[in-house]
Amino acid sequence: MVVDFDAIVSIDLIEEFINGRLGRPKYRKVVKSTKRLIEGSGKKAILVQDSHSINDPEIRVWGLHAMEGTPSSETVEELRGMGPVIKKHNYDAFFETGLDGMLKELGAKKIVFCGVVTDICIVHSVASAFFRGYEPILVEECTDTTSSAKKRRTLEYMKSNYGAKIISLADILGK
């Protein structure tokens with residue numbers, strides 16, 4: 001393993017964002033790469049799911065999506081059972097969730113973030129991780145957003161502002 005890390009946080013690889021109204025066909029590649037990462041690295045994965053109630057602030061911006069208790073808020077089939085699930089109610093995977101406690105329990109410091117959408121939930125979660133003292137790592141093949149330009153700008157922003165390492169899947173799996 002070229003790049004060492006302690007845990008994987010998979011954000012919003014759920015039905016709504018992969019196969020649902022807010023999904024994009026290219027996001028299927030993120031699911032496939034994230035599955036390879038989890039299986040190939042042997043590291044603990046935590047699956048974070050967008051899961052909303054009608055009063056969550058995001059509903060005002062995006063409309064009804066990933067509503068709690070519906071199939072659209074569930075992890076995609078390919079990743080189900082690959083780690084414990086944490087439900088989040090806004091962009092930040094750490095805000096009012098058990099993610100920080102779970103990572104501390106693992107003794108994790110270097111965290112690989114995977115998922116969608118790079119310029120919304122990923123960037124907010126990476127910022128929150130940085131503020132809590134974690135070292136964020138992003139695997140290019142394991143994250144995506146609506147355009148390549150947005151993805152590139154956001155990855156560079158996280159690198160510049162949060163010291164995030166931007167790596168490839170080969171940097172971990174050696175393939």
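Observations on the structure shown:
- Some residue of segment 38-56 being surrounded by 15 or more Cβ atoms within 10 Å (Cβ to Cβ), closer than 12 Å to CYS142 by Cβ and not small (Gly, Ala, Ser): yes
- Long-range neighbours under 9 Å by Cβ, at least six apart or interchain, first residue in contact (Cβ under 8 Å) with a residue 40 or more places away in the chain and within 14 Å of SER73 (Cα to Cα) within segment 45-61, second basic (Lys, Arg) and crowded, with 23+ Cβ neighbours inside 10 Å: VAL48/LYS88; ASP50/LYS88
- If the condition is being part of a loop (DSSP other than H, G, I, E, B), crowded, with 16+ Cβ neighbours inside 10 Å and over 13 Å from the mean Cα position of the chain (by Cα), then segment 124-145 contributes only TYR134.
- Residue in segment 147-156 that is assigned to a loop (DSSP other than H, G, I, E, B) and within 16 Å of the chain's Cα centre (by Cα) present: no
- Search result, residues across segment 157-175 that are assigned to a loop (DSSP other than H, G, I, E, B), of a type outside the set (Gly, Ala, Ser) and crowded, with 16+ Cβ neighbours inside 10 Å: LEU169
- Hits in segment 153-169 (condition: out of contact with any helix residue (DSSP H, G or I) (no Cβ under 9 Å at 6 or more places or on another chain) and either basic (Lys, Arg) or at pLDDT below 95 (or both)): LYS159
- Residues of segment 33-65 classified as closer than 15 Å to ILE172 by Cβ and more than 13 Å from the chain's Cα centre (by Cα), total: 7
- Scanning segment 66-88 for residues that are surrounded by fewer than 19 Cβ atoms within 10 Å (Cβ to Cβ), over 19 Å from LYS44 (Cβ atoms) and of a type outside the set (A, V, I, L, M) yields GLU68, GLY69, THR70, PRO71, GLU74, GLU77.
- When segment 93-123 is filtered for residues that are on the phi > 0 side of the Ramachandran plot, surrounded by fewer than 20 Cβ atoms within 10 Å (Cβ to Cβ) and touching a residue at least 60 places away in the same chain (Cβ under 8 Å), only GLY107 remains.
- VAL112 being part of a strand (DSSP E or B) and modelled with pLDDT of 95 or more: yes
The values are calculated or read from the model by the stated rules, or taken from the named source; none is laboratory data. Small disclaimer: the values here were computed from a predicted structure and weren't measured. All Cβ positions, glycine included, derive from the backbone under ideal geometry; neighbour counts span all protein chains shown.
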